[in-house]
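Here the structure is laid out as structure tokens; the discussion comes afterwards.
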Amino acid sequence: MTRRFLFVLGSSRSDGNTELLARRAAEQLPEGVEQQWIDLAAHPLPDFEDLRHDSDHVRPTQGNVALLLDATLAATDIVIASPLYWYSVSAPVKRYLDYWSGWLRTPGIDFKATLAGRTLWASPRSHTRSRRSPTRWPGRSATPPRTCGCASAGCCSATAASPVTC
């Protein structure tokens, strides 16, 4: 299978450190690897509405939801580039990931089977005040451990240089 990378940019600032980090990483990909870049600030998603108990799940055919769904399904590798805010991804990235639960129940796309075996890469960017004086809070590390965030406790973990697979 030909590799196809989807870069999801979750920063509210264009050309910021998060995007710069993701673009530097993309430069290391082999020549000819397909890349698609979607900036969530330029393609905002509406608030996610949980319809899991309703039967009105339909495949989106237009707008930003359809764009992100199609790009996600087509990708072999998904790179989420997000600044870290209070030890979490940005609100636009969280909203994108919330949509995954709805896409799991959308008839005709088989979201779970399509993404099985694909790779999710995390490119978090944490802001500190200076290199000599990182932000520290009582009882917390300046750099919290990174995990995939799935519901299975302890299923996996990631470092800055490794992908997350569940």
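The values are calculated or read from the model by the stated rules, or taken from the named source; none is laboratory data. If you're wondering where the values come from, they're calculated on a predicted model, not measured in any experiment. Cβ sites come from the backbone with ideal geometry, for glycine too, and all protein chains shown count toward neighbours. Each accessible area value is taken on the protein alone, full model and side chains, heavy atoms only, with ligands, DNA and RNA left out. Shrake-Rupley method; radii C 1.70, N 1.55, O 1.52, S 1.80 Å.
If the condition is being at pLDDT 85 or above and outside any helix (DSSP H, G or I), then segment 44-74 contributes PRO44, LEU45, PRO46, ASP47, PHE48, GLU49, ARG59, PRO60, THR61, GLN62. Residues that are surrounded by fewer than 11 Cβ atoms within 10 Å (Cβ to Cβ) and within 18 Å of ARG95 (Cα to Cα): does segment 29-43 have at least one? Checking segment 29-43: at least one residue is surrounded by fewer than 11 Cβ atoms within 10 Å (Cβ to Cβ) and within 18 Å of ARG95 (Cα to Cα).
Would you say PRO46 is over 16 Å from the mean Cα position of the chain (by Cα) and either more than 25 Å from THR2 (Cβ to Cβ) or open to solvent by less than 30 Å² (accessible area, probe 1.4 Å) (or both)?
Yes: the conditions hold for PRO46.
Inspect segment 2-20 for any residue being within 15 Å of THR119 (Cβ to Cβ), touching a residue at least 12 places away in the same chain (Cβ under 8 Å), assigned to a loop (DSSP other than H, G, I, E, B) and open to solvent by less than 80 Å² (accessible area, probe 1.4 Å) and give the result as yes or no. Let's see the steps before the verdict.
First, the residues of segment 2-20 that are within 15 Å of THR119 (Cβ to Cβ): 2-8.
Right, trim to touching a residue at least 12 places away in the same chain (Cβ under 8 Å) and you get 2-8.
So of that shortlist, the ones also assigned to a loop (DSSP other than H, G, I, E, B) come out as 2-3.
Imposing the further condition that a residue be open to solvent by less than 80 Å² (accessible area, probe 1.4 Å) reduces the set to none.
Within segment 2-20 (the criterion being within 15 Å of THR119 (Cβ to Cβ), touching a residue at least 12 places away in the same chain (Cβ under 8 Å), assigned to a loop (DSSP other than H, G, I, E, B) and open to solvent by less than 80 Å² (accessible area, probe 1.4 Å)), the answer is no, since none of the residues qualifies.
Taking every residue in segment 100-123 that is assigned to a loop (DSSP other than H, G, I, E, B) and pairing it with any residue that is open to solvent by less than 40 Å² (accessible area, probe 1.4 Å) and hydroxyl-bearing (Ser, Thr, Tyr), at least 6 positions away or on another chain, the pairs with Cβ-Cβ distances below 7 Å are ARG118/THR76. Restricting attention to segment 113-124, the residues that are in contact with a Phe, Trp or Tyr (Cβ under 9 Å, 6 or more places away or on another chain) and either among the hydrophobic types (A, V, I, L, M, F, W, C) or at pLDDT 90 or above (or both) add up to 2.
Considering the conditions (1) under 25 Å from ARG105 (Cβ atoms); (2) buried (at least 16 other Cβ atoms within 10 Å of the Cβ); (3) under 14 Å from the mean Cα position of the chain (by Cα), SER88 is excluded by exactly one of them, (2).
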